[in-house]
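Q: A single structure is presented below for examination.
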Amino acid sequence: MIKCENLSKKYRSTHALSNLSCVIKENTITGVIGRNGAGKTTFLKLIAGYLKKTTGELRVMDENPFNSLKVSANTIFIDDQMNLPTSLDLEELLDSFSMFYRNWNDSLAKELMAYFQLPQKAYVQNLSKGMLSTFHAIIGFAARCPLTIYDEPTTGMDAAVRKDFYRALLKDYLAFPRTILLSSHHLDEIENLLEDVLIIHQQHAFLHTSVSELKESVIGVKGEKGAVDRFILMHEKLSYTETMPGFVMAVVKMSGNVFQSKHPDLTFTNLSANEAFVYVTAPTEGGIDRVFTGS
Ligand SMILES: Nc1ncnc2c1ncn2[C@@H]1O[C@H](COP(=O)(O)OP(=O)(O)OP(=O)(O)O)[C@@H](O)[C@H]1O
């Protein structure tokens, strides 16, 4: 569905994406994850054809997406800045979307509107932040576009609505498989939905893998300082904290298995996908604590 090779985007002097390469298969749900400013929105907007690449190759549905009618007719981009017309009520907005998207499912849109208690006669400018995000999400479900892009779709939604949103996303995907890209800062909430995770870090595709492989890529190791220090000599250290005098906990990158029986003096802990993401993309070893050390 999507193929990028050395894709780069510059805004004047800012490199928003540098040499990003990846392939995203049709009918998969991929989480696009990264720190603030990593380049996620830029990447998603390039795919949707909203932005023109600076250099590199980008093919979406076998076309250059910028100014492609095929891509725009088969793609929906949902974010919190959809700039919908303020003169139409929600029902009229849904009607106008139904004219543009050939797979539009009107009954699904109406049922979701009723479930989330969105008044059909309301106007977008009068919705709360969470209600507006929910309305945008409903458009994303009902459009049933072969390529559906959600950029931080849950902004402002409360925990219960977010849970419903994720469940609806999965149910609708199973009923009507399509290629979904979902950017989020809540990897812990979406990891069960995802087939793959694309981590964008420092403007390029840092890791494109399954959630389970992401989890296996790091491990926590605890124990007496000397034993931990000997173990981490052979691994890339991501974090190192003294837990009590003479004892430390470290997080290291792993490639392959670690056998507890070979290290009886150490305790190993598996990390969640979100913890793994935070450690592998940490800006400086030692984290925020380092800023306060000695201050
Ligand atoms: N229109 C623009 N003009 C200039 N620079 C921009 C523009 N849009 C984004 N940038 C810059 O490009 C970089 C990537 O921004 P982008 O919005 O793609 O990141 P992001 O990963 O989506 O961030 P966040 O998680 O904070 O939403 C940032 O340094 C940002 O300041």
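Q: Relative contact order of the chain, please, whole-number percent, based on alpha carbon pairs below 8 angstrom and at least 6 residues apart.
A: Relative contact order of the chain: 19 percent.
Q: Additional query: Over the chain, with a Gaussian network built from C-alpha contacts below 10 Å, which listed residue (K237, K262, K110) shows the highest mean-square fluctuation?
A: K262
Q: Could you list log10 I(q)/I(0) for region 53-96 at q = 0.18, 0.33 Å⁻¹, which the Debye formula gives when each Cα is one point scatterer?
A: Ignoring solvent entirely, the Cα scatterers give -0.72, -1.14.
Q: Next question. If the elastic network links every pair of Cα atoms under 10 Å, which of T209, T243, T28 fluctuates the most in the Gaussian network model of the chain?
A: T243
Q: How much space per residue, in cubic angstrom, does the convex hull of the C-alpha atoms of the chain take up?
A: Numbers: hull volume 50.3 nm³, N = 295.
It comes to 171 Å³ per residue, whole-number rounded.
Q: Relative to the longest principal Cα axis of the chain, at what angle does helix 90-100 sit, 0 to 90 degrees, rounded to 10?
A: That works out to roughly 90 degrees.
Q: Among the listed pairs K9/K121; K52/K253; K53/K121; K25/K52, give every one whose C-alpha distance is greater than 30 Å.
A: The answer is K9/K121; K52/K253; K53/K121.
Q: With charges only on Cβ, +1 for K and R and -1 for D and E, what is the dipole size of region 2-209 about its Cα centre, in debye, rounded to 20?
A: Magnitude of the dipole: close to 600 debye.
Q: Most exposed first by the Cβ proxy, i.e. fewest other Cβ within 10 Å, how do T293, T281 rank?
A: Details: T293 7, T281 18.
Final ranking by Cβ density, sparse to dense: T293, T281.
Q: If you build the Cα gyration tensor of region 214-292 and take the root of 5 times each eigenvalue, what three semi-axes come out, in whole angstrom, biggest first?
A: 19, 17, 10
Q: Classify region 218-264 as rounded, prolate or oblate from the Cα gyration tensor: take a ≥ b ≥ c as the square roots of its eigenvalues, call it rounded if a/c is under 1.5, otherwise prolate when a/b beats b/c and oblate if not.
A: Oblate, since a/c reaches 1.5 and b/c is not below a/b.
Q: Please report E216, E92 as a ranked list, fewest other C-beta atoms within 10 angstrom at the top and most at the bottom.
A: So the residues, fewest neighbours to most, are E92, E216.
Q: So, one more: Across region 67-192, how large is the tail of the calculated P(r) beyond 22 Å, expressed as a percent of all Cα pairs?
A: Value for region 67-192: 29 percent of Cα pairs lie more than 22 Å apart.
Q: Considering only V124, P245, Y279, whose Cα is most displaced toward the positive end of the charge dipole of the chain, charges sitting on Cβ of Lys, Arg (+1) and Asp, Glu (-1)?
A: Sorting the options by dipole projection puts first Y279.
Q: Which is farthest toward the positive dipole end of the chain among H136, M254, N67, measuring Cα position about the Cα centre, with Cβ charges +1 (Lys, Arg) and -1 (Asp, Glu)?
A: Result: N67.
Q: So which residue, out of I149, I232, I76, gets the largest mean-square fluctuation from a GNM of the chain using Cα contacts under 10 Å as springs?
A: I232
Q: Which number comes out as Rg/Rh for region 154-295 once both Rg and the Kirkwood Rh are worked out on C-alpha atoms?
A: Value, to two decimals: 1.05.
Q: What share of Cα pairs, in percent, lie more than 18 angstrom apart in region 56-128?
A: Taking all Cα-Cα pairs of region 56-128, the fraction more than 18 Å apart is 52 percent.
Q: Select from G37, T267, A168 the residue farthest towards the positive end of the dipole of the chain; place +1 on Cβ of Lys and Arg, -1 on Cβ of Asp and Glu, and compute about the Cα centre.
A: So the residue we want is G37.
Only the coordinates and a few stated rules stand behind these numbers; no lab work does. Remember, it's a predicted structure, so these values are computed and weren't measured experimentally. Backbone-built Cβ (ideal geometry, glycine too); neighbour counts: all protein chains shown.
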